[in-house]
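What follows is calculated from the coordinates using simple rules that are stated; it is not laboratory data. None of these values were measured; they are calculated from a predicted model. So basically every Cβ, Gly included, is an ideal-geometry build from the backbone, and we count neighbours across all protein chains shown.
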Amino acid sequence: MRISLNKIKSYVKIPDGVSDQELIERIGSRLVEVEEVIDWSPMYQGVYIAKVISCEPIPETHLHLCRIDVGSAREDLRGDNGLIQVVCGAPNVHAGMLAVWIAPGSIVPETYGNENFKLSVRKLRGYESYGMLAGADELGFDNEHKSIAEIDPKMAEPGDSFAEVFDLNGLILDVENKSLTHRPDCFGLIGFAREVAGILGEKFIEPEVFQNLDAKIEPSRTAEVKVKITDGKLCPRYSCAVFDLPDNQPSKYLTLDAVSLAKAGMRSIDPMVDLTNILMLETGQPLHAFDYDKLVAVGGTDQPEIVVRSAKAGEELQLLDGKVVQCTADDILITSNNVPVAMAGAMGGKNTEIDPSTKRVVLESATFSLYNLRKTQMAHGIFSEAITRFTKGQPATMTMPVLAEAVKRLDVEVTAVADDYPGKEKKSVVKITTDEINGLLGTNYSTEEIVNTLENVGFEVEVLAGHRDASCETIRSATSEDRRLAPVTTGCENAGSRKELADVETSVATLKVTSPAWRTDIHIKEDIIEEVGRLLGYDNIELSLPEKPFIEPEIDPMVKLKQELRRILSERLEMHELLTYSFVSRDLVSKVGKNPDDCYEIINSISPELQCFRSEIVPSLLDKVRENLKAGHRDFTLYELNQVTRKSGGLNREQVPEMKTHLGIVSLGDFYQLKAEILAMFRELKIAVEYRALSAESAEAHPYLEPKRSAELLIDDAVVGSFGEVKTSVLHKFKLDPTVSTFELNLEKVVGAPREVKTDVKISKFPSVERDLTLRVAGDMPFGRALNTIDNYLSKSGMYYAVEPVSIYQPEGSETKNLSFHIKFSDPTRTLNSDEISAIIKNIAVEVAGIGAEIV
Amino acid sequence: MDRTYRLSDYFTYLYSLYLISRKHAIIYSMSDVEKLKLELKELNSEYAKIKTLPPAERGEFGRTMNAKKQAIMAQIAAAEAEAESANVEALDISAPSAPNEPLPVVKRGTIHPLMAELDRVIEVYSSMGFDVVESRQLDDEYHMFESLNFPPEHPARDGYDTFRTAEGFIPPAHTSTMQHRALKKYKHKLDEGGEIAVVVPGRVFRNEDVDATHEHTFYQCEGVFVSKTATMGQMFGVLKHFFEIYYGQKLKIKTQPGYFPFTEPSAELLIEKPVSLGGKGGDWLEMLGCGMIHPNVLKMAGIDPEIYHGFAWGGGIDRLAMLKYGLSDVRYFESGKLDFLEEF
């Protein structure tokens, strides 16, 4: 929203010594975030009011040769006659008019900041032309190029600075609407100005429209307009006035209103519409003007019979912008005898649009349910200035006062008035103590400061107990109208001694705070506390730290586990941590052979690429392999730690989807490489794991894994994840050739797993024996079986030992293979002699013979 | 004396000649160091004569011999150093490897910069005594809005641009979705006379068009503090303290008003741009939204707002990481590009 600082200054006297910069900073810290400060003054440098003295047509062209009087401006350019020569092609240029002249050397305002088109002295058809006479479009106030702007001679003299005449020298603030979502009053200049007064510590002087909230319009005749609201929740109040419009022709002059509207980002239409918009900008209350005759004709009635009701789904209405909308049941319609004439709060209907020939007007000033209008806004994508204000909840109180102001400014004779007000609400009254205010803010504001601060912006404050000044004699009840002495019941009666008096002086006051009618956002104590804190400045609150006992914080074990894994995987195992989106395409889910229907589907996704909430991490990582290969990376391993879910995983106790944190790894290595890394990871974690061939369930859960080259991982006999090589057919879908291995691990089952703590360090004092053993076994003998056989024997022997695989050798075409191990053992109690050592090796040979292996 | 020569004597003579020649041959073939060592050995054996000298001469003799010995030893040390250096082949230190050798490979892994930042944030808050709970990535209307005092259909919900699933679940648009749960989880601490102090990091989602400064997926960290005496002054104090630890310097803070249905009063916190980020004073960075927890939010979690007060805040982690590393495009984070990761 754009706010002109000069307009604010027309409502609030800014204390001397407060610069614009300081004022803007204070607005930013106590009222609303200022996104941008716009300074238009450089745009209008070298732009003057000029009087066209003579205007001769240039033969055989549409051009005119004009001589203009620019008063005291640009003496350097004036000719002997004191005039400046300009060639102008506009049809409306004529001698005697006041126009806007852009001097040579100046930039055409319309192009300012973009192409910065600079004017010069140039020859047109043989005539020198100094600068140009400008149209409203070239001045930046209109989109259409029609004619040059004509200035009302009552407003200016030749030579006046254009910017000064049209108040363009002040700064314009572009403020962030979001932080005013709850403040409908601040969507009007007056409301905004009131807050500015408040943050400056000044009492705001209410303009008339806000002073007389009970304003009434007395119609001159007994003509009637009927209004019926079918549901007070949809429309708490609907006021309207009927009057004759003497003339609605757009002014031939460039008006102040048109420029004001342009500054607010709006466009001038015609006097009637401009007035509704100007009043909306000032008060926040949108108005809508219907053409009376069209309204009556549409409804087929003698007099306007307005019915405000819900739309029926599918009901059609053509709006002012020409679009035909299909209503939903949440839309509210203004109807003429039940025929839709406007989509309430959003936009008027084409069928009752006012135009320059409009003779009679029904002017609406109403308020509607912000909830319904929000749905309207969403359903039809209407983001008009009016609906932006209505969806903040415009107060019903203001419809009549603003309507009265409108007819006053139009200076018309009102023939009929209606005011249906089913949604009348009581003023909000909050009782609060100064202690509660200071207690929550962490401040020490006096009762006086608090009361003044609230009263400055229109709250009525009555001091019920305690006192606002520092002595018992001045205990008063305070309202915004008068502050008369009133008896109090606590505090002072017993204030005998000086000390007690001192206690009382700092004692707590109870305040009865009545909100002004336009503050629909004040309901509870905290709302009052916010007002006091904000208006006096949060930045003035003294900082402190809470007192807390020294207790070690409790950190989510999953957070800790993830931190631990990052260090192991990235720092020790040289993997790369990726983050990929939680949303994936149905296509990706299908590619890895899973059912996309098991994924939670985002119904308003940004694109089909981001439609499914993922149920596994691995597919997202697989999707990132190819582009990284193409970028020249080799032999990398990617991992991600993130949450997944799936419909078949069900809901938890809170009836929300069961979420699981997973680790996904994708490695450009084979099964054995990944296995070694996984086992190393668990060794670092000190968690005991086992693995075995992929079960049918695991194969189904990870259909992209090649079951003959994959395994499932177990902790405490429960499957926690699966790893292995990806099927070639799946790799082809990802346009990948090399061997790729993956691991999907459910960390929920890892996070609580017991960590092994060594309780017995097995290092013998006596020398250990080291031997390399090679076993010849059948080609299909599992390595693990041979290893276990040796391991089991040594384990039973009571010795300290270790068995390490060394190599697996199987010559081409051979039916046997050689498995080599390095074994190391020692007796915990003595040094083994050579006979004992031979006996042990022999025993191992016997054991392995049992599985058909021989030592070679 | 019978001076007949015997053959054996002759051989003895020849042998002695051989020994002498060998000795010379050895001396010839010896390096400087070995020669010096031999000299030292001879000196040592000469030194043994000291016993045969009259005691009065022994002192002078010892000193002279010692000086000689020291001189030789110094020569040996110098010669050894020279000899060692002469044997060393000089490297081309600018080359990545020796000629004909494979290039050395130093593999490194990477922690995602966003996660490194998130972990750092968690570390700072936990060092300040905050418990840590993780946010969830699919939630419901109740936690996302209702428990946070957003009336149904309230336009304030629009600001959050939420995604929805067919079932009506919401990938949360802020970590505040965990506030209600955090309050309930730690309510017992209040009952035990303590306070609630918890931060909630997590991934959040907003349905908005992606560009250099907007991502639909990003990370936030929420903070919640509740006690009998919590004040807004404490809130600003805690947050200032956090940023001072995080940036390792004293900082100025300021605020601007904000609006969140779940806090009252609400504010946005700015910090003066830290020196480590190139701040020269006078530049302000919007860091987070914060406010005193709305009594309705406390009530809904079963906490009596007449007795307890609290404050809450939430801010983006992506922004912290972008500021720290001078990144201009938020889209890198979720791009999955190793080229990006290897920059860190």
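Taking a ≥ b ≥ c as the square roots of the eigenvalues of the Cα gyration tensor, region B:211-282 is classed as oblate, since a/c reaches at least 1.5 and a/b does not exceed b/c. Reachable lysines from A:K123, Cα under 22 Å, same-chain residues fewer than 8 places away excluded? The reachable lysines, counting only those whose Cα sits under 22 Å from A:K123, are A:K51. Take the alpha-carbon centre of region A:313-350, take the same for region A:178-227, and report the distance between them in whole Å. Rounded to whole Å, the Cα centres lie 28 Å apart. Per residue of A:519-531, other chain Cβ atoms within 10 Å of the residue Cβ number 3 on average.
Legend: ranking of residues B:T52, A:T829, A:T739, A:T443 from fewest to most surrounding C-beta atoms inside 10 Å; resulting order B:T52, A:T829, A:T739, A:T443.
Packing-based ranking of A:66-75, A:405-414, A:797-806 yields A:66-75, A:405-414, A:797-806, ordered from highest to lowest mean Cβ neighbour count within 10 Å.
Residues A:T111, A:T433, arranged from fewest to most other Cβ atoms within 10 angstrom of their Cβ, appear as A:T111, A:T433. Size check on region A:266-381: the Cα extents along the three principal axes, sorted descending, read 34, 34, 23 Å.
Helices in chain B, meaning DSSP H runs of at least 4 residues, each add -39500 (n - 2.57). Divided by all residues, the mean residue ellipticity at 222 nm is -13000 deg cm²/dmol. Between the amide H of B:A267 and those of B:G258, B:C290, B:G291, distances stay under 5 Å, these residues lying 5 or more places away or on another chain, with hydrogens modeled in the peptide plane.
Measuring between their Cα centroids, region B:295-344 and region B:190-228 lie 6 Å from each other.
Under a cut-off of 14 Å between alpha-carbon atoms, report the aspartates and glutamates in cross-link reach of A:K525, not counting same-chain residues fewer than 8 places apart. The reachable aspartates and glutamates, counting only those whose Cα sits under 14 Å from A:K525, are A:D435, A:E436, B:E264, B:E306. Sequentially through region A:122-131, phi angles give Karplus couplings (6.51, -1.76, 1.60; θ = phi - 60°) of 9, 8, 10, 6, x, 10, 6, 10, 9, x Hz, Gly and Pro residues having no value and appearing as x. Shape class for region A:226-420, computed from the alpha carbon gyration tensor (a ≥ b ≥ c): rounded, with a/c under 1.5. Mind checking the angle between helix B:232-247 and chain B's longest principal axis? C-alpha axes, 0 to 90 degrees, to the nearest 10. So the helix axis and the longest Cα principal axis differ by about 30 degrees.
Under the definition of partner shielding as Cβ atoms of other protein chains within 10 Å of a residue Cβ, what is the mean value for peptide B:155-166?
5
With neighbours defined as other Cβ atoms within 10 Å of a residue's Cβ, the residues A:K226, B:K41 order from fewest to most as B:K41, A:K226.
Our compactness index for region A:572-624, the C-alpha radius of gyration over the empirical 2.2 N^0.38 Å, is 1.21.
Students often check this: by mean Cβ neighbours within 10 Å, which of A:116-123, A:722-729 ranks highest, and how do the rest follow? Spell out each step's value before the answer.
Details: A:116-123: 12.2, A:722-729: 20.9.
Peptide ranking by packing, descending: A:722-729, A:116-123.
A Gaussian network model of chain B, with springs between Cα atoms under 10 Å, assigns the largest mean-square fluctuation among B:L323, B:L103, B:L148 to B:L103. Spread over its residues, the convex hull of the C-alpha atoms of chain B is 375 Å³ per residue. Per-residue packing, averaged as other Cβ atoms within 10 Å, sorts the ranges B:83-89, A:707-713 into the order A:707-713, B:83-89, beginning with the highest. Taking a cut-off of 21 Å between Cα atoms, list the lysines near A:K7, but don't count ones fewer than 8 places away on the same chain. Cross-link targets: A:K203, A:K263, A:K408. Whole angstrom only: what separates the Cα centroid of region A:715-767 from the Cα centroid of region B:88-114? What the calculation gives is 31 Å, centre to centre.
Among the residues of B:266-278, the average count of other protein chain beta-carbon atoms within 10 Å of the residue beta-carbon is 2. When the square roots of the Cα gyration tensor eigenvalues are ordered a ≥ b ≥ c, the ratio a/c for region A:769-855 is 1.5 or more and a/b exceeds b/c, which makes its shape prolate. Residue-wise HN-Hα couplings along region A:712-729, as the Karplus relation 6.51 cos²θ - 1.76 cosθ + 1.60 with θ = phi - 60° gives them from phi, are 10, 10, 10, 10, 6, 6, 10, 6, 10, x, 9, 9, x, 8, 7, 3, 4, 4 Hz; Gly and Pro carry x. When the pairs B:K187/B:K228; A:K630/B:K337; A:K686/A:K708; B:K252/B:K280; A:K591/A:K647; A:K178/B:K280 are compared against a 21 Å limit on Cα-Cα distance, A:K686/A:K708; A:K178/B:K280 fall above it. List residues of region A:427-447, by number, whose backbone nitrogen lies under 12 Å from a label position 7 Å along Cα→C-beta of A:L464. Answer for this model: A:429-434. Estimated from helical segments only, the mean residue ellipticity of chain A at 222 nm is -7500 deg cm²/dmol, where each DSSP H run of four or more residues counts as -39500 (n - 2.57).
Can you give the Kirkwood hydrodynamic radius for the protein assembly as shown, in Å, rounded to one decimal and based on Cα pairs? Please report the intermediate quantities before stating the final value.
Details: mean 1/r = 0.0260 Å⁻¹.
Averaging 1/r across every pair of different Cα atoms and inverting gives 38.5 Å.
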